[in-house]
Amino acid sequence: MAQILDKMNIGDVATFDVYPAQLLGTQFRQCKVLAILDYDTCRALGFDPDALHVKVFATLPTGTENDPAKYQWLKLKLTSGETTVIGLPWIKPDTIQTTTTSTITVVYTNVAPEDMVKIRTMNANNGYNSFSMTIA
């Protein structure tokens with residue numbers, strides 16, 4: 001399988017910056033790469049590549065194709081669980097970092113039940129949104 005932008009593959013978890021940072025946020029963090037899509041597939045999935053392209057085109061590098069039907073789209077699952085698409089030309093290839101993911105088990109001892117809120121907040125504030133907690 002050919003790598004996407006020579007840096008990532010379908011199924012990878014990746015972090016990268018985009019050119020339209022002021023519109024999309026400065027960085028996509030720990031996104032799961034789900035698929036490379038064509039324009040028609042984006043539309044069939046309920047996304048509007050034309051509207052997305054109009055919003056971001058002015059932020060893209062000179063020479064970028066000004067026709068969203070002519071470039072590929074990346075389908076991503078964000079850490080929030082939301083699925084989105086972005087145009088491949090929107091990604092800054094030199095910022096792509098892939099991550100091997102694992103499951104880490106942490107046990108806090110001698111804590112009160114109300115500390116769950118603090119621990120949940122601490123995790124979320126550091127970008128860890130995919131976790132579960134129980135009290136034993």
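Taken together, the values in this text are just the output of simple stated rules run on the coordinates, not laboratory data. It should be emphasised that the depicted structure is a prediction, and the values quoted were computed from it without experimental measurement. Positions of Cβ are backbone-derived with ideal geometry, glycine not excepted, and every protein chain shown enters the neighbour counts.
Expected output is a single nm value to one decimal: the length gained when fully extending between Thr109 and Ala35, i.e. 0.36 nm times separation in residues minus the C-alpha distance. What is it?
Details: separation 74, 0.36 × 74 = 26.64 nm, distance 4.14 nm.
Result for the pair: 22.5 nm of gain on full extension.
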Between 0 and 90°, nearest 10: helix 115-125 axis offset from the chain longest Cα axis | 20
Using helices alone, what [θ] at 222 nm do you get for the chain, with -39,500 (n - 2.57) per DSSP H run of 4 or more residues, divided over all residues and rounded to the nearest 500?
-> -5500 deg cm²/dmol
GNM result for the chain, Cα springs below 10 Å: residue of Val107, Val85, Val33 fluctuating most strongly | Val107
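Given R₀ = 25 Å, what would the calculated FRET efficiency be for Thr59 paired with Glu82, taking r from the Cβ atoms and rounding to 0.05?
Working: r = 22 Å, r/R0 = 0.87.
FRET efficiency, Thr59 to Glu82: 0.70.
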Treating only the Cβ atoms of Lys and Arg (+1) and Asp and Glu (-1) as charged, compute the dipole magnitude of the chain about its Cα centre; round to the nearest 20 debye.
-> 280
